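J.: Below: one structure in structure tokens.
The values are calculated or read from the model by the stated rules, or taken from the named source; none is laboratory data. What you see is a predicted model, and the numbers here were worked out from it, not measured in a lab. Cβ placement follows ideal geometry from the backbone for every residue including glycine, while neighbour counts extend to all protein chains displayed.
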Protein chains: 2
Amino acid sequence: MTTTVIGVDLGGTKILSRLVDPITGAASGRAKTATPSTGIDGVIEAIAGTVDTLDPDGEVAAVGVGVPGPVRDGVVLRCPNIAGWDRPVELRARLAERLGRAAVVANDVNAGAAAEHRLGAGRGVDDLLAVFVGTGVGGGLVLDGALRDGPRGLAGEFGHLTVVPDGRPCGCGGRGHLEAYAGKAGIVAEARRRHAESPNALIEMVQDGSMKSRHLAKAMEQGDETTLELLDEATTALAVGIGSIATVVDLPLVVLGGGIVDKLGEPWVAQIADRLDLGGFGADVVDLAIAHRLDDAGSVGAAVLAADALV
Amino acid sequence: MTTTVIGVDLGGTKILSRLVDPITGAASGRAKTATPSTGIDGVIEAIAGTVDTLDPDGEVAAVGVGVPGPVRDGVVLRCPNIAGWDRPVELRARLAERLGRAAVVANDVNAGAAAEHRLGAGRGVDDLLAVFVGTGVGGGLVLDGALRDGPRGLAGEFGHLTVVPDGRPCGCGGRGHLEAYAGKAGIVAEARRRHAESPNALIEMVQDGSMKSRHLAKAMEQGDETTLELLDEATTALAVGIGSIATVVDLPLVVLGGGIVDKLGEPWVAQIADRLDLGGFGADVVDLAIAHRLDDAGSVGAAVLAADALV
């Protein structure tokens, strides 16, 4: 037996498993396979295959899996990005049986939040929100030292907080949600709408392709007016959302990560901090920190949670 | 010994203590005294006096106290409404020593939330926000069956969630906070501002006095345009705030209470529910319920928490 555990990042297109030291977060080994489209049994077998590759002698005592859907008590409630996954699955129990060892299952973004809490920018802080700003905006809540799932596995869904009543359409069908202002998909959709009236550098760069964080940074450096406006709205949206959640839930720290944060870095986070409006609670009440760029945060986070199951 | 406990509601002007059956919430006895302005020692003696009055033979095993300030682990961090209370006080420890029995201390609004969770509209639901809409807007969070204090005792401060970026000034010094739109103080302040330009029925009724919920209901019934606009903004503010918190924290239930909710009742709560914008999570994800008008919810809630300390 060893203290090393296995962390698995189950994605819509690929499964990536790593051997992880849960104390340092150091990841080694790497077993990767395409996510089968043959349904749940196939996914479980594929995960087991990567575990066997990394640990042929069965020495690792626990496996943690991050999944792209809501999870409650080891049950994956939905998994819209994985073909054939059309009903809730007791994935923790089924993996534990198939693998013959302890298994832990968490939402992948929540697993990333756990990694930041235990090994990254949130180390030593027991109450925090980790926010990941990428194509969409996701997050995870750590309260009193423990990751919160919530009764429907939805806790941490920071992207769907309303920041502008009746505002921009969100991909989820709602309006004015934070993700529509701060996520890359929301930003580029709005840039396209404005481009039709008055061309902007962002869409001229991206054309019909998908926008990367570097496009955003470049158009910003060029001083493109539309891009600056959109970033300004994203900054305000994040400040409003962070201020609200940090106040109501009482969080002294918010960790920010994801592609846009990595690209725009500290100056952008400082702007968000400047716009926090916490009133009488004092502007020093919420610290913002940039997430550590942990190697494979999803699988490392799942591994950290798996290690907890062994204690 | 008896299973009855004592609940104390410590307010800025009076201290009210009741004998409470923590299983049914039934309150009996009633010992009341003015809140001393001589500092913390005086307040502790005054509380002890009410306890002696209710329980002269010292048969009650636990006393719970709700206080108008943030509490963490039995320490009252601030208490701005009580004269001489100018520093954090280990009230739980000091009361336990003075009273010679178990003591529990909680924020008064959080105690009210605990009462709703255990005995009122939140019975049987382990994850909820209770919101009290009165002069201001307060709240309490129950997560996984337990009241959340938060590391700074601020959890549940629902009134200071931002609903309109850069919006109306809030009493706390911030802008656009929910309390500025949905609390009586915020509504009447805005009505006075508008009255200066174009007279409205609400201020004509209230004059220079303080607005009661019945004034609001009456001006609304008269179809006063300003009042209807202000109520419309309050409705949207509550819907936005509830939707945001319920999504990010994952709460299936929000309990609404306080003077305005009691006065406007079910039709208003239905309007708030209609405006919830939860997008893809489905509009049925958050139930709204009206708080039970528990007799002295503050002292009953504190008593419920005190009873827990005996288990």
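J.: Hand me the list of strands (runs of 3 or more DSSP E) wholly inside region A:50-141 holding 1 or more residues that are β-branched (Val, Ile, Thr) and not assigned by TED's automatic domain parsing to the domain that holds A:Ala185.
T.: Result: A:62-67, A:102-107.
J.: Exactly one condition in (1) charged (D, E, K, R); (2) out of contact with any His (no Cβ under 8 Å at 6 or more places or on another chain); (3) more than 9 Å from chain B (Cβ to nearest Cβ) is not met by A:Glu116; state its number.
T.: With (1) charged (D, E, K, R); (2) out of contact with any His (no Cβ under 8 Å at 6 or more places or on another chain); (3) more than 9 Å from chain B (Cβ to nearest Cβ) applied to A:Glu116, the lone miss is (2).
J.: Restricting the search to region B:158-177, which residues are surrounded by fewer than 17 Cβ atoms within 10 Å (Cβ to Cβ) and in a loop (DSSP other than H, G, I, E, B)?
T.: Once the filter is applied, which keeps residues that are surrounded by fewer than 17 Cβ atoms within 10 Å (Cβ to Cβ) and in a loop (DSSP other than H, G, I, E, B), region B:158-177 yields B:Asp166, B:Gly173.
J.: If A:Gly139 passes every condition in (1) out of contact with any Phe, Trp or Tyr (no Cβ under 7 Å at 6 or more places or on another chain); (2) closer than 21 Å to A:Gln271 by Cβ; (3) facing chain B (nearest Cβ under 9 Å) but one, which one does it miss?
T.: Among (1) out of contact with any Phe, Trp or Tyr (no Cβ under 7 Å at 6 or more places or on another chain); (2) closer than 21 Å to A:Gln271 by Cβ; (3) facing chain B (nearest Cβ under 9 Å), the lone unmet condition for A:Gly139 is (1).
J.: Assigned to a helix (DSSP H, G or I) and in contact (Cβ under 8 Å) with a residue 60 or more places away in the chain - does that describe any residue in region B:261-271? Please lay out each step first, then the result.
T.: Applying the first criterion (assigned to a helix (DSSP H, G or I)) to region B:261-271 yields B:261-271.
Narrowing the set further to residues that are in contact (Cβ under 8 Å) with a residue 60 or more places away in the chain leaves B:261.
Yes.
J.: So which residues in region B:276-311 are acidic (Asp, Glu) and modelled with pLDDT under 85? Don't jump to the end; show me each part of the working.
T.: Initially, region B:276-311 is screened for residues acidic (Asp, Glu), giving B:277, B:284, B:287, B:295-296, B:308.
Selection gives B:Asp277, B:Asp284, B:Asp295, B:Asp296.
J.: Please go through region B:152-186 and give me each residue that is in contact with a Leu (Cβ under 8 Å, 6 or more places away or on another chain) and more than 24 Å from A:Gly167 (Cβ to Cβ), ordered by number.
T.: Residues satisfying the conditions are B:Arg152, B:Gly153, B:Ala155, B:Gly156, B:Lys184.
J.: Can you pull out every residue in region A:14-56 that is of a type in the set (A, V, I, L, M, F, W, C), surrounded by fewer than 14 Cβ atoms within 10 Å (Cβ to Cβ) and more than 16 Å from A:Gly301 (Cβ to Cβ)?
T.: Residues of region A:14-56 of a type in the set (A, V, I, L, M, F, W, C): A:15-16, A:19-20, A:23, A:26-27, A:31, A:34, A:40, A:43-44, A:46-48, A:51, A:54.
Add one more test, that the residue is surrounded by fewer than 14 Cβ atoms within 10 Å (Cβ to Cβ), and what stays is A:23, A:34.
Selection gives A:Ala34 alone.
J.: Further, regarding this structure: How many residues does region B:231-260 contain that are more than 18 Å from A:His177 (Cα to Cα), in a loop (DSSP other than H, G, I, E, B) and within 19 Å of the chain's Cα centre (by Cα)?
T.: 1
J.: Mind checking which pairs have a first residue in region A:145-172 that is polar (S, T, N, Q) and a second that is part of a loop (DSSP other than H, G, I, E, B) and surrounded by 19 or more Cβ atoms within 10 Å (Cβ to Cβ), Cβ under 7 Å, 6 or more apart or different chains?
T.: Once the first residue is polar (S, T, N, Q) and sits in region A:145-172, its partners that are part of a loop (DSSP other than H, G, I, E, B) and surrounded by 19 or more Cβ atoms within 10 Å (Cβ to Cβ) give A:Thr162/A:Gly176; A:Thr162/B:Asp277.
J.: Continuing with the same structure: Just to be sure before I move on: is B:Val131 of a type in the set (A, V, I, L, M, F, W, C), touching a Phe, Trp or Tyr at 6+ places or on another chain (Cβ under 6 Å), closer than 26 Å to B:Val269 by Cβ and at pLDDT 95 or above in the structure I sent?
T.: So B:Val131 passes the test.
J.: Within region A:190-203, which residues are assigned to a helix (DSSP H, G or I) and either in contact (Cβ under 8 Å) with a residue 12 or more places away in the chain or not assigned by TED's automatic domain parsing to the domain that holds A:Leu238 (or both)?
T.: If the condition is that a residue be assigned to a helix (DSSP H, G or I) and either in contact (Cβ under 8 Å) with a residue 12 or more places away in the chain or not assigned by TED's automatic domain parsing to the domain that holds A:Leu238 (or both), then A:Glu190, A:Ala191, A:Arg194, A:His195, A:Ala201, A:Leu202, A:Ile203 are the ones that fit.
J.: Which of (1) within 14 Å of another protein chain (Cβ to nearest Cβ); (2) over 27 Å from B:Leu147 (Cβ atoms); (3) crowded, with 19+ Cβ neighbours inside 10 Å does B:Ala201 not meet, given it meets every other one?
T.: Among (1) within 14 Å of another protein chain (Cβ to nearest Cβ); (2) over 27 Å from B:Leu147 (Cβ atoms); (3) crowded, with 19+ Cβ neighbours inside 10 Å, the lone unmet condition for B:Ala201 is (1).
J.: Given the conditions (1) closer than 28 Å to B:Val286 by Cα; (2) assigned to a loop (DSSP other than H, G, I, E, B), and given that A:Tyr181 satisfies all but one, which numbered condition is not satisfied?
T.: Status for A:Tyr181: all satisfied but (2).
J.: In region B:223-259, what residues are surrounded by fewer than 21 Cβ atoms within 10 Å (Cβ to Cβ) and in contact with a strand residue (DSSP E or B) (Cβ under 9 Å, 6 or more places away or on another chain)?
T.: If the condition is that a residue be surrounded by fewer than 21 Cβ atoms within 10 Å (Cβ to Cβ) and in contact with a strand residue (DSSP E or B) (Cβ under 9 Å, 6 or more places away or on another chain), then B:Pro252, B:Gly259 are the ones that fit.
J.: Also, I was wondering about something else. Determine whether A:Gly153 is under 15 Å from A:Glu233 (Cβ atoms), assigned to a loop (DSSP other than H, G, I, E, B), small (Gly, Ala, Ser) and more than 7 Å from chain B (Cβ to nearest Cβ).
T.: Details: under 15 Å from A:Glu233 (Cβ atoms): no; assigned to a loop (DSSP other than H, G, I, E, B): yes; small (Gly, Ala, Ser): yes; more than 7 Å from chain B (Cβ to nearest Cβ): yes.
So A:Gly153 does not fit the description; no.
J.: Spot the failing condition for A:Leu216; the list is (1) without any contact (Cβ under 8 Å) to a residue 24 or more places away in the chain; (2) in contact with a Lys or Arg (Cβ under 8 Å, 6 or more places away or on another chain), and only one is missed.
T.: (1)
J.: Here is a list: B:Ala180, B:Ala155. Which entry is surrounded by 24 or more Cβ atoms within 10 Å (Cβ to Cβ) and within 20 Å of A:Leu143 (Cβ to Cβ)?
T.: Answer to the check: B:Ala155.
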